[in-house]
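Read the structure below first, then the notes.
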Amino acid sequence: MPAHRIESIVLKSWPLHEADLVVSLFTREAGKIKGIAKSGAKSRRRFGGALEPMTHVLASYVEKPRQELVRLDACEIVTSPLSDPMDYARAAALAFYTEVLEEALPDHDPQEVIFRLVLSVLAHTRQGAIWMPVTYFALWMPRLLGWLPDLTHCAVCDEPLTGRAAFFHSEVDGLLCETHRRPGARILSAESLALAQQFFRKPVAAFAPTAELPPWPPARAADLRRFALITLERHLERRLHSADALRRLGG
């Protein structure tokens, strides 16, 4: 039975029976996998604090022939979201990352670039400073999954959108110009469109708060987040519950 010890991000866990847990992991090398952690709910030596969602761990597991679930033997914490202060907004952001990864990623499909994206946004998701990394993640995920439409031209007439506002609608896979906007369409500002292009050229650290650049307020790029969330939900064919929490926070 092949044994592995690989870098992973914990997505979620749920009870199986007695103290055993089923754990969903996003691994750097093997993609998303699920395993059984025997006595995972009470074993401090092997799992103490390591099974919280969005914990970056070194996971030790064994694959069993002809079985979908691996045997998860231990998790060693690399970084934990609980090491920094937690409030409702930060918890909502972490829940959003978890839900998108759990719903969007197929099992056993390595996604090295997405793994690095998650680690980078986790490093910048701090109490009082969630909106920039949430927006960055929400826009990059559909791009990396091949779901993001062209942001530079109208989906109907191919009119260039550079330097002008565009419009988006939940039933349209793409942006629309003023001429072809649908009733009920939302506006995506020229500033937010330009910001999206900056996101695609620079790492998340380039947008981190500094002494001169305070954390984003909820209103900053809210239209870009709404567009990214609608794109994710359209392709997932379901509403993201964690996104509802972010919307209630004003973002």
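Outside any helix (DSSP H, G or I) and touching a residue at least 60 places away in the same chain (Cβ under 8 Å): is that true of residue 183 in this structure?
Taking the combined requirement at face value, the residue does not satisfy it.
From the list 112, 178, 159, which residue is touching a residue at least 60 places away in the same chain (Cβ under 8 Å), out of contact with any Ser or Thr (no Cβ under 7 Å at 6 or more places or on another chain) and outside the structural domain of residue 78 (by TED's automatic domain parsing)?
Numbers: 178 fails: touching a residue at least 60 places away in the same chain (Cβ under 8 Å); 159 fails: touching a residue at least 60 places away in the same chain (Cβ under 8 Å).
The unique qualifying residue is 112.
What is the one condition in (1) surrounded by 15 or more Cβ atoms within 10 Å (Cβ to Cβ); (2) of a type in the set (D, E, K, R); (3) farther than 23 Å from residue 242 by Cβ; (4) out of contact with any strand residue (DSSP E or B) (no Cβ under 6 Å at 6 or more places or on another chain) that residue 46 does not satisfy?
(4)
For (1) in contact with an Asp or Glu (Cβ under 6 Å, 6 or more places away or on another chain); (2) over 17 Å from residue 127 (Cα atoms); (3) polar (S, T, N, Q); (4) modelled with pLDDT of 95 or more, each residue gets a yes or a no:
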{"residue": "190", "(1), (2), (3), (4)": "no, yes, no, yes"}
{"residue": "199", "(1), (2), (3), (4)": "no, yes, no, yes"}
{"residue": "206", "(1), (2), (3), (4)": "no, yes, no, yes"}
{"residue": "212", "(1), (2), (3), (4)": "no, yes, no, no"}
{"residue": "220", "(1), (2), (3), (4)": "no, no, no, yes"}
{"residue": "224", "(1), (2), (3), (4)": "no, yes, no, yes"}
{"residue": "230", "(1), (2), (3), (4)": "no, yes, no, yes"}
{"residue": "234", "(1), (2), (3), (4)": "no, yes, no, yes"}
{"residue": "240", "(1), (2), (3), (4)": "yes, yes, no, yes"}
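Of all residues in region 186-226, how many are hydroxyl-bearing (Ser, Thr, Tyr) and assigned to a loop (DSSP other than H, G, I, E, B)? Steps first, please.
Within region 186-226, the first condition is being hydroxyl-bearing (Ser, Thr, Tyr), and the residues that meet it are 189, 192, 210.
Subset that is assigned to a loop (DSSP other than H, G, I, E, B): 189, 210.
Adding up the residues that qualify gives 2.
Consider residue 11 against the criteria (1) of a type in the set (A, V, I, L, M, F, W, C); (2) within 30 Å of residue 250 (Cβ to Cβ); (3) in a helix (DSSP H, G or I); (4) at pLDDT 95 or above: it satisfies all of them except one. Which criterion is unmet?
(3)
Rundown of residues vs (1) over 20 Å from the mean Cα position of the chain (by Cα); (2) closer than 30 Å to residue 27 by Cβ; (3) surrounded by fewer than 19 Cβ atoms within 10 Å (Cβ to Cβ), yes/no style:
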{"site": "87", "(1), (2), (3)": "no, yes, yes"}
{"site": "98", "(1), (2), (3)": "no, yes, no"}
{"site": "106", "(1), (2), (3)": "no, yes, yes"}
{"site": "116", "(1), (2), (3)": "no, yes, yes"}
{"site": "121", "(1), (2), (3)": "no, yes, no"}
{"site": "128", "(1), (2), (3)": "no, no, yes"}
{"site": "139", "(1), (2), (3)": "no, yes, no"}
{"site": "156", "(1), (2), (3)": "yes, no, yes"}
{"site": "187", "(1), (2), (3)": "yes, no, yes"}
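Report every pair of residues separated by at least 6 positions or lying on different chains whose Cβ atoms are under 8 Å apart, first residue within region 224-238 and surrounded by fewer than 23 Cβ atoms within 10 Å (Cβ to Cβ), second among the acidic types (Asp, Glu).
Every condition considered, the pairs that remain are 234/173; 236/103; 238/103.
Considering 13, 24, which residue is among the polar types (S, T, N, Q), touching a residue at least 60 places away in the same chain (Cβ under 8 Å) and within 25 Å of residue 241 (Cβ to Cβ)?
24
The values are calculated or read from the model by the stated rules, or taken from the named source; none is laboratory data. Bear in mind the structure is a predicted one, so any value in this text is a computation, not a measurement. Here Cβ is always computed from backbone atoms with ideal geometry, including for glycine, and neighbour counts include all displayed protein chains.
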